[in-house]
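The values are calculated or read from the model by the stated rules, or taken from the named source; none is laboratory data. Since this is a predicted model, take the numbers as computed values, not measurements. Note that we place each Cβ from the backbone using ideal geometry, even for glycine, and neighbour counts take in every protein chain shown. All accessible areas refer to the heavy atoms of the entire protein, side chains included, with ligands and DNA or RNA removed. Shrake-Rupley method; radii C 1.70, N 1.55, O 1.52, S 1.80 Å.
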Amino acid sequence: MDNVRVRFAPSPTGSLHIGGARTALFNWLFARNRRGVFILRLEDTDTGRNLEEAVTQIESNLRWLGLDWDEGPDVGGPLGPYCQSERSELYQREAQRLLENGHAYRCYCTPEELAQQREEARKRGEVPRYDRRCCELDEEVCRAKEAAGIRPALRIKVPRTGTTVVSDLIRGKVSFDNTTLDDIVIQKSNGGPTYNFACVVDDHAMQISHVIRAEEHLSNTPKQIVIFKLLGYDLPAFAHVPMILAPDRSKLSKRHGATAVEEFRTEGFLPEAVVNYLALLGWSPGDEQEQMMVEEIKSRFNFEAVSKHAAIYDVKKLTWLNAQYLNALPLSRVVEAAFPFMQEAGYIGDTPDSGELEYLTRVVETVRSRVHTLVELCDASRYFYRSDFEYDEKGVRKHFTKQDVTRLLAKGREALAGVPADQFTVAETEKAYRKVIEGLKISGGALFHPTRLALSGRTVGPGLFDIVATLGRNECLSRIDQAIDWIHSQLA
């Protein structure tokens, strides 16, 4: 099909989780690769579970991932509305059509009666399915039941012989014996459509060419194919992407790390890294390359390279990949991503001036190569904004308790004080320290380690002279003085 139209159709009942985000991404990649249309459709007929804030969150997180849609609730389009709750008339009309042409029938069974039927089937060792007791009810019986206040559901007559074949772009032909299929409900007793029915009606009305969704929906597909055929609709192409499992191949849950896009955002992952990682959950570019910007993924994406087997979610790999992006992306992009985290920490205000932005850029450049997430980056930046830190206890025992440490710190301070403020660079400050080391005939570590601890309160981090140059001359001198005073106070 040349006219590619695909859709992502979440239910606004909660957060956008990793599986849904991966489904949205695969739909978007295919549409963009084939110059097609990507549609956002909200399956919001379950009014009891819908959350208004979930709609906003889903849209916000899709945009954060960079997944834009051509048609949807907020942008409109020629085949809307794009919320199922606004399409009731269409569902009722199509359900009535199936009823009138004999493909559907009214079912008056209560939930208790249906539960009893299923239990009896299990006792007989049969697959539980509806026994069609309401299929041949005459009109007089139907009127009597409705007069008694019993509102019927509508069921379709599923063929009881033969097979229904799903031609899947990933899995090939998958056959389902019709004896295992049930006369599924297409309209509930309250008049609302069921998922399988509304999905089919919408896919036809919105001219969906390819239905791309998770493997969990494969069992729904034969039922939907029956509905497509009974309504006289053309079938779309189907592609069921593999499940996402935890490293131990169990069902993915919170104990395996972040599982919702909102969590990825909060924990400081970059959307570029998340998109890259999600693409690799079930799809392979065909070589050993792992780090790919979205434009490259989009140009290479195809269903031939999507696996039939479950994808294994590994937060360690995502974290590693995120670190690669933090180091490889343009500095301005990382600063932009880090900005809200720095704001929340109180390091910068809502309207920073040019000097504050310049300093923020220097800080991010200094620390980004040694962190994995924006949360870590923010923590690693703390001592560039706060001098009220405590000194690392192990570092104090190792570096501040040596007999001549205050003399060495004072010599280092004297050397830094001799570097003009306008020449306070990595190269010049290191040169000044090297002269002290050479003059005193000591190891570099004897001066470097206590200086790092004095300036940052930490024993690890960026290169010492990157820290020195970023903090600036006056701040370095002040912090060394502060450390010397602290050491003297501890010895007193």
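The table below lists the values:
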| quantity | calculated |
| --- | --- |
| Extension gain from Ala205 to Lys402, taking 0.36 nm per residue of separation minus the Cα-Cα distance | 63.0 nm |
| In degrees, nearest ten, helix 18-33 long axis to first principal axis of the chain (Cα) | 80 degrees |
| Spherically averaged projected area in nm², based on the convex hull that wraps the Cα atoms of segment 259-349 | 6.9 nm² |
| Segment 428-490: translational diffusion in µm²/s, Stokes-Einstein, Kirkwood Rh over Cα pairs, 37 °C, 0.692 mPa s | 269 µm²/s |
| At most 10 other Cβ within 10 Å, DSSP loop - GluC sites (Glu not before Pro), segment 200-296 | Glu288 |
| HN-Hα J in Hz across segment 71-78 - Karplus 6.51, -1.76, 1.60, θ = phi - 60°, x for Gly and Pro | 9, x, x, 8, 10, x, x, x |
| Backbone N within segment 294-314 under 15 Å of label point (7 Å from Ser250 Cα along the Cβ vector) | 313 |
| Whichever aspartates and glutamates have a C-alpha closer than 16 Å to that of Lys435, once near sequence neighbours (fewer than 8 apart) are set aside | Glu414 |
| Gain upon complete extension [Ser489, Ala417; 0.36 nm per residue less C-alpha separation] | 23.6 nm |
| Karplus 3J(HN,Hα) series, Hz, for segment 173-185 with 6.51 cos²θ - 1.76 cosθ + 1.60 (x for Gly, Pro) | 7, 10, 9, 10, 5, 5, 5, 8, 8, 9, 6, 6, 6 |
| Alpha-carbon centroid distance for the pair segment 1-66 / segment 356-423, whole angstrom | 45 Å |
| Simple spin-label estimate for Gln116 and Asn3 in nanometres, 7 Å along Cα-Cβ | 5.1 nm |
| Heavy-atom accessible surface of segment 1-153: percent carbon and sulfur, 1.4 Å | 45 percent |
| Contact order normalised by residue count of segment 190-271, Cα under 8 Å, 6+ apart, percent | 26 percent |
| Of Ile184, Thr194, Gln291, farthest towards positive along the dipole that unit charges on Lys, Arg, Asp, Glu beta carbons give the chain | Gln291 |
| Low-density loop positions, chymotrypsin sites (Phe, Trp or Tyr not before Pro), segment 365-398 - DSSP coil, at most 15 other Cβ in 10 Å | Phe389 |
| Dipole of segment 302-348 [Lys/Arg +1, Asp/Glu -1 at C-beta], most positive-end residue of Tyr347, Leu321, Ala337 | Leu321 |
| Between segment 213-247 and segment 87-105, the alpha-carbon center distance in angstrom | 21 Å |
| Filter on Lys145/Lys223; Lys317/Lys431; Lys173/Lys298; Lys223/Lys251; Lys188/Lys229; Lys394/Lys441 - keep pairs with C-alpha separation over 30 Å | Lys317/Lys431 |
